[in-house]
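Shown next, in structure tokens, is the structure this report addresses.
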Amino acid sequence: MVESVLQNLTYFVPETALVVTFCAVLLADVIFKGRPRIPWTIGLLGLIVAGVTAFQQTGLNRPVFDLMIVVDPFAVFFKVIVAATAILIYLMSLWSDEVKASARRMGEYAALLVSATLGMFLMAGATNLLMIVLALELTGLSSYVLSGYTKEASDSSEASLKYILFGAVSTGIMLYGISLLYGLTGATDLIGIRLALEGQAMTHTPMLLISSIMILAGFGYKISAVPFHFWTPDVYEGAPITVTAFLSVASKAAGFALMIRFLVSTATPSLGVDVMAVVQTFEWPKLIAIMSVLTMTLGNIVAIWQNNLKRLLAYSSIAHAGTMLMAVTVFSQNGVAAVLIYFVVYLFMNLGAFYLVMLVAGATGSEDIDSYKGLGHRAPLVGVSLVIFLISLTGLPPTAGFIGKLYVFSALLDAQWIWLAIVGALNSVISLYYYVRVIRNMYLRDPDSAPAPVVLTGAQTVLLMVFLVPTLVLGVYFAPLVDWAHASVALFGIR
Amino acid sequence: MNDILVWFQNPGLTHVLLISAALFMLGTYAILTRRNAIMVLMGIELVLNAAGLNFVAFGRYAVGTFDGQVITLFIIVLAAAEAAIALAIVLNIYQNFHTVNVDEINRLKD
């Protein structure tokens, strides 16, 4: 018993590192009161250790702790994405006015970021219903508090209230769905559920349909897919901008990892079983296709009217979730690989955009789109970088965003989802409109009054380059990324 | 009439499932109609407990292993953690807005 636990622990190093870091940060926060830099540094070191050890797990493929979680290339890929996001957010927070305003509680902020990262790591690998719920909840509880971190600001506390109400309701509904699924199949691990579904030939049971929809609601909430997206704009606008950026990339990545693993493990049949019979039990592809169309279209159309850039990016992130859902629809290796590629690209361009919005808000005190008037002439580097990020978010060459979209669309066309690809392409055109509105304000409009200067320090410029260089380089040299993504889904049980 | 009596005298899976479905409905009703944030949270508790009851019932009558009961224990802990954090957030809301009516806490919107 002890040996097996110890042996399993060797495959659980990144998560263990995060648990230890979390405790250390909390302790250091109490011991070194008034010197928040110390817990801060410990947290950063812990995240780096977790990221590196997660990356070292590349190539492993084995269940850990009696099929509670699994360490496979797919999980490792998402762990690396989450860890990279967490580290970059950590660095971004150094210049965030909102975080500095509550500098005394910086240790808490660090601890919560670490625990949210731990939850997302577990989400990436969870293969048991209980583990799925606990991982979702750990991520959720940490993010609820994080989004209310600047608790003196009423916007921030409103965001956290809305987040926890929507989050708790969707967890409850998902749990109810999971309990029905447990009753129907008698299994708690995903493979067992699939075998039970195959063996009992209970296609089209109304109870199965209800439970599937309830579980899908839980996932849909996590990745903010329409019609479970209502919390997203408010939370993203009210939360501190670093937290918004974290939620929009890491939380979404973990949600997608969990959703893809759940769908693939339960709805993809093992060899020798009629493929369509099991998939059609759930009718997942059609349902997800409709969800993705709604998500993209609503995200893009509502974004047109936004005047707060943070809120605009919130709607744009809903639209991006829709684009990635399109690739999930395909249920093929190419489709899942396209999601992985898209996430790496999305990480850099989206965090970059949020980073610049944060810096500009720090200098001008406003996230309003009007405060960007003439910014391109006042601060050339900021202006040009923001243009590159926005063009990449639209998905135009030669930026990385184009590569992300390219692989999504080619996966769709391979699988004959022509109408979905056309809707997706039309949506890219709509998104061009509101991204270009920002660019127009920066270059073609004169500022209303004497604007505050936006000056970057050396360190800030370096971090900007960390976002900017990959956004450009991945647009022209993407072969390693594509190979890595394909290798990460190759052993994943789908054809 | 006699059948109904017999049905009530032999509680089984169906009975528990009906109760949990009723709990779930009541919880959802509370979530949708109550405007007080605390009341909404109580509705959420009902939904979580409905799921927990389901797990116990299925574990006892349908599956025959202890997985269901164990998961319920976790759900209870989870509900407690969620309630603790939610109440802290509601307290914070009250300090900022001087109300816990979810309709009045609506400064962020399109």
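Values in this text are rule-based calculations from the coordinates and carry no lab data. Note that the coordinates shown come from a computational prediction; the quantities given were computed from them, not determined experimentally. Methodologically, a virtual Cβ is constructed for each residue, glycine included, from the backbone with ideal geometry; neighbour enumeration extends over all protein chains shown.
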Original post:
Can you give the calculated 222 nm mean residue ellipticity of the protein assembly as shown, where each DSSP H run of n ≥ 4 adds -39,500 (n - 2.57) and the sum is split over every residue, rounded to the nearest 500 deg cm²/dmol?
Top reply: -25000 deg cm²/dmol
**OP:** Check cross-link reach from A:Lys252 to the lysines: straight Cα distance under 29 Å, and skip same-chain residues fewer than eight apart.
**Re:** A:Lys79, A:Lys100, A:Lys151, A:Lys162, A:Lys222, A:Lys286, A:Lys310, A:Lys405, B:Lys109
Original post:
Excluding B:Ala79 itself, what net charge comes from residues whose Cβ is under 13 Å from its Cβ, given Lys and Arg +1 and Asp and Glu -1?
Top reply: -3
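Order of A:Val344, A:Val436 from fewest to most other C-beta atoms within 10 Å?
On the way: A:Val344 23, A:Val436 14.
Starting with the residue having the fewest Cβ neighbours, the order is A:Val436, A:Val344.
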Original post:
Two-decimal Rg/Rh of the range A:293-495 from alpha-carbon positions, Kirkwood Rh?
Top reply: 1.01
Original post:
With a Cα-only, solvent-free Debye model of the range A:71-207, what are the log10 I(q)/I(0) values at q = 0.20, 0.22 Å⁻¹?
Top reply: -1.19, -1.30
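With the Cα gyration tensor of the range A:5-122 giving a ≥ b ≥ c as the square roots of its eigenvalues, does the rule (a/c under 1.5 for rounded; else a/b larger than b/c for prolate; else oblate) give rounded, prolate or oblate? Don't skip to the answer; put the middle values down first.
Details: a/c = 2.99, a/b = 1.92, b/c = 1.56.
In terms of gyration-tensor shape, prolate.
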Original post:
Across the residues of B:71-80, average count of Cβ atoms on other protein chains within 10 Å?
Top reply: 4
Original post:
Of A:Leu146, A:Pro470, A:Asn300, which is farthest on the positive side of the dipole of the protein assembly as shown, counting Cα position, with +1 on Lys and Arg Cβ, -1 on Asp and Glu Cβ, and the Cα centre as origin?
Top reply: A:Pro470
Subject >> Helix A:106-125 vs. chain A, principal-axis angle (Cα, 0 to 90°, nearest 10) >> reply: 30
**OP:** Evaluate 2.2 N^0.38 Å with N set to the residue count of the range A:295-346, then give the Cα radius of gyration divided by it.
**Re:** 1.26
Original post:
So what's the net charge close to A:Leu112: Lys and Arg +1, Asp and Glu -1, counting the other residues with Cβ under 13 Å from its Cβ?
Top reply: 0
Original post:
So what does log10 I(q)/I(0) come out to for the protein assembly as shown at q = 0.05, 0.06, 0.11 Å⁻¹, using the Debye formula with one equal point on every Cα and no solvent?
Top reply: -0.21, -0.30, -1.05
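Using a ≥ b ≥ c from the Cα gyration tensor of the range B:2-97 (square roots of the eigenvalues), is it rounded, prolate or oblate, where a/c under 1.5 gives rounded and otherwise the larger of a/b and b/c decides, a/b for prolate? Intermediate values should be presented prior to the final figure.
Values: a/c = 4.93, a/b = 1.82, b/c = 2.70.
Taking the square roots of the gyration eigenvalues as a ≥ b ≥ c, the range B:2-97 is oblate.
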Original post:
How high is the relative contact order of chain A, in percent, counting Cα pairs under 8 Å that sit 6 or more residues apart?
Top reply: 14
Original post:
Excluding B:Leu53 itself, what net charge comes from residues whose Cβ is under 14 Å from its Cβ, given Lys and Arg +1 and Asp and Glu -1?
Top reply: 0
**OP:** Treating the angle as unsigned and between 0 and 90°, give the value, to the nearest 10°, between the Cα long axis of helix A:154-185 and the longest Cα principal axis of chain A.
**Re:** 10
Subject >> Nearest-ten-degree value, helix A:129-147 long axis tilted from longest Cα axis of chain A >> reply: 10
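Sorted by average packing, counted as other Cβ atoms within 10 angstrom per residue and highest first, what order do A:330-337, B:73-80, A:125-132 take? Walk me through the intermediate numbers first.
Details: A:330-337: 21.9, B:73-80: 16.6, A:125-132: 24.1.
Packing proxy ranking, top to bottom: A:125-132, A:330-337, B:73-80.
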Subject >> Cubic angstrom per residue, convex hull over Cα atoms of the range A:373-489 >> reply: 112
Subject >> Reduced Cα scattering model of the range A:319-423, Debye log10 I(q)/I(0), q = 0.14 Å⁻¹ >> reply: -0.60
Original post:
Toward the positive end of the charge dipole of chain B, about the Cα centre and with charges on Cβ (Lys, Arg +1; Asp, Glu -1), which of B:Leu48, B:Phe8, B:Val102 goes farthest?
Top reply: B:Val102
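Using the crude model of +1 on Lys and Arg Cβ and -1 on Asp and Glu Cβ, and no other charge, please compute the dipole size for the protein assembly as shown relative to its Cα centre, in debye to 20. Can you show the working numbers first?
Numbers: 29 positive and 32 negative charges, 171 e Å.
So the magnitude is around 820 debye.
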Subject >> Over chain B, relative contact order from alpha-carbon pairs under 8 Å, at least 6 apart, % >> reply: 24
Original post:
In which sequence would A:Met296, A:Met259 go, from the one with the fewest C-beta neighbours within 10 Å to the one with the most?
Top reply: A:Met259, A:Met296
**OP:** Would you mind working out the magnitude of the charge dipole of the range A:293-495 relative to its Cα centre, with +1 at each Lys and Arg C-beta and -1 at each Asp and Glu C-beta, to the nearest 20 Debye?
**Re:** 100
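Would you please give the FRET efficiency between A:Asp66 and B:Asn106, computed as 1/(1 + (r/R0)^6) with r the Cβ-Cβ distance and R0 = 51 Å, to the nearest 0.05?
On the way: r = 46 Å, r/R0 = 0.91.
Taking R0 as 51 Å, the efficiency between A:Asp66 and B:Asn106 is 0.65.
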**OP:** State the Cα centre-to-centre distance between the range A:289-342 and the range A:178-248 in whole Å.
**Re:** 17
Subject >> Furthest towards positive pole of dipole, A:Ala24, A:Ala124, A:Met68, structure part the range A:12-136, Cβ charges >> reply: A:Ala24
**OP:** Based on other C-beta atoms within 10 Å, arrange A:His320, A:His377, A:His486, B:His98 from fewest to most.
**Re:** B:His98, A:His377, A:His486, A:His320
